[in-house]
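For reference, the structure discussed in these notes is given below.
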Amino acid sequence: MAMVKIDGTKVKFLREQKGLTQLYVATVVQVTTDTISRWENKRYPTIKKENALRLAEALEVELNEILEEFQDEEPAQNQPVTEPPPSTDKTRSFSKIWPLLLLSATIGVLIAAITWFFIMHGQPLKISAKRMLPERCTADTPFPVSIEVIGPPEAVVAIILKENLPEHVVVKNTDPPLAPSGQKNNTLKWLHKAEGRTLFTYIATLSKPLNINDVFIGSAAASNDSENPVTIEGNNTIELSLHHWADSDGDNVINDKEILTVYDQYGDLEKLGIDIDLIEEIWLGSGYRWDPEKKVYEILP
């Protein structure tokens with residue numbers, strides 16, 4: 001059975017850098033969270049190669065990036081150690097890939113030229129913006145709002161994003177971070193460079209029910225067309241309830257589709273202060289309920 005030596009410190013660093021929980025990694029690798037913890041704490045530095053490959057896949061890196069430095073894979077048991085095969089001819093290898101490199105460089109130059117042409121000739125680079133806002137939340141508990149801005153691919157443009165918040169909505173954190181003067185009263189303002197798909201996310205709480213006219217209103221404008229901002233589409237209101245914000249259909253269960261939506265639409269929520277572990281525990285359980293006295297979500301057995 002092939003075994004490899006992993007570097008637990010690297011594994012932990014990569015997991016935290018990518019905002020992944022031990023539960024998520026354990027699910028992908030098909031082991032327990034205790035096993036992931038032991039690997040990260042170097043209690044089991046040598047593991048099966050197949051587990052190491054799944055671990056690298058979960059961390060979105062190559063296998064050699066989580067191996068101990070200067071350590072190669074251990075040979076299979078009862079197999080003699082053989083010398084590595086002679087290195088291939090680098091010149092021959094390069095001759096095979098240089099046409100692809102040349103093609104990639106040519107495409108990059110063409111895209112840059114087209115982008116430059118449109119900018120220099122006053123043609124606006126079109127953008128769109130959509131707000132992802134939960135349907136409901138519990139009073140005074142944090143919920144995320146994510147605004148997805150889609151710009152032209154392979155073109156970096158400066159984006160001015162404005163979001164006006166309803167009364168009783170309090171912002172706790174933002175990503176990208178706001179400038180010191182980026183929030184005044186109930187208005188958020190970002191000035192940020194964007195390329196392709198960019199997420200602007202903020203964490204907020206709601207203390208009282210919104211009136212019918214209390215809605216989220218925002219706009220986004222590209223640097224070369226700032227006089228014609230686009231309206232942020234998508235959901236613009238949220239109601240108070242006893243359901244967790246990730247429970248989009250309000251059935252007191254977080255199903256597979258709902259937890260995937262959390263990861264896909266709202267970015268790195270753990271960094272912003274959202275309890276991802278709680279959401280995953282509810283997803284793994286049979287349901288949940290809100291305890292108004294303790295002000296916590298209780299997971300049902």
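Computed from label points 7 Å out along Cα-Cβ, the spacing between residue 184 and residue 242 is 4.3 nm.
Between residue 42 and residue 219, how many nm apart are label points set 7 Å from Cα along the C-beta direction? Those two pseudo-labels are separated by 5.7 nm. Please work out the FRET efficiency for the pair residue 65 and residue 227, using the Cβ-Cβ distance as r and a Förster radius of 45 Å; give the result to the nearest 0.05. After rounding, the FRET efficiency stands at 0.45.
Please give the per residue accessible area of the stretch 181-291, computed with a probe of 1.4 Å over protein heavy atoms only, in Å².
On a per-residue basis, the stretch 181-291 sits at 53 Å².
In terms of the Cα gyration tensor, with a ≥ b ≥ c the square roots of its eigenvalues, is the stretch 255-301 rounded because a/c is under 1.5, prolate because a/b exceeds b/c, or oblate? Because a/c hits 1.5 or more and a/b fails to exceed b/c, the stretch 255-301 counts as oblate. Of the GluC sites (Glu not before Pro) found in the stretch 225-266, those that fall in a DSSP loop while having at most 10 other beta-carbon atoms within 10 Å are 227. Multiplying the residue separation of residue 191 and residue 275 by 0.36 nm and subtracting their alpha-carbon distance yields 27.4 nm.
Separation of the stretch 147-188 and the stretch 251-296, taken as the distance between their Cα centroids, equals 24 angstrom. Dipole size of the stretch 181-255 about its Cα centre, with +1 on Lys/Arg Cβ and -1 on Asp/Glu Cβ: approximately 400 debye, rounded to the nearest 20. Each residue of the stretch 282-298 was assigned a 3J(HN,Hα) from its phi angle through the Karplus curve 6.51 cos²θ - 1.76 cosθ + 1.60 (θ = phi - 60°); the sequence is 5, 4, 6, x, 8, x, 7, 8, 8, 9, x, 6, 7, 6, 9, 8, 9 Hz, with glycine and proline shown as x. Determine the shape class of the stretch 215-279: with a ≥ b ≥ c the square roots of the Cα gyration tensor eigenvalues, call it rounded for a/c under 1.5, and otherwise prolate if a/b is greater than b/c, oblate otherwise. Prolate. Converting phi to 3J(HN,Hα) with the Karplus coefficients 6.51, -1.76 and 1.60 and the offset θ = phi - 60°, the stretch 19-28 yields x, 9, 8, 4, 5, 4, 4, 4, 5, 5 Hz in sequence order, with x at every glycine or proline.
Modelled spin-label separation between residue 257 and residue 296, with each label point placed 7 Å from Cα along the Cα-to-Cβ direction: 3.2 nm.
The values are calculated or read from the model by the stated rules, or taken from the named source; none is laboratory data. Just so it is clear, the structure is predicted and the values come from calculations on it, not from any experiment. Cβ atoms come from the backbone with ideal geometry, glycine included; neighbour counts cover every protein chain shown. Note: accessible area is taken over every heavy atom of the protein model, side chains too, but ligands, DNA and RNA are not part of it. Shrake-Rupley method; radii C 1.70, N 1.55, O 1.52, S 1.80 Å.
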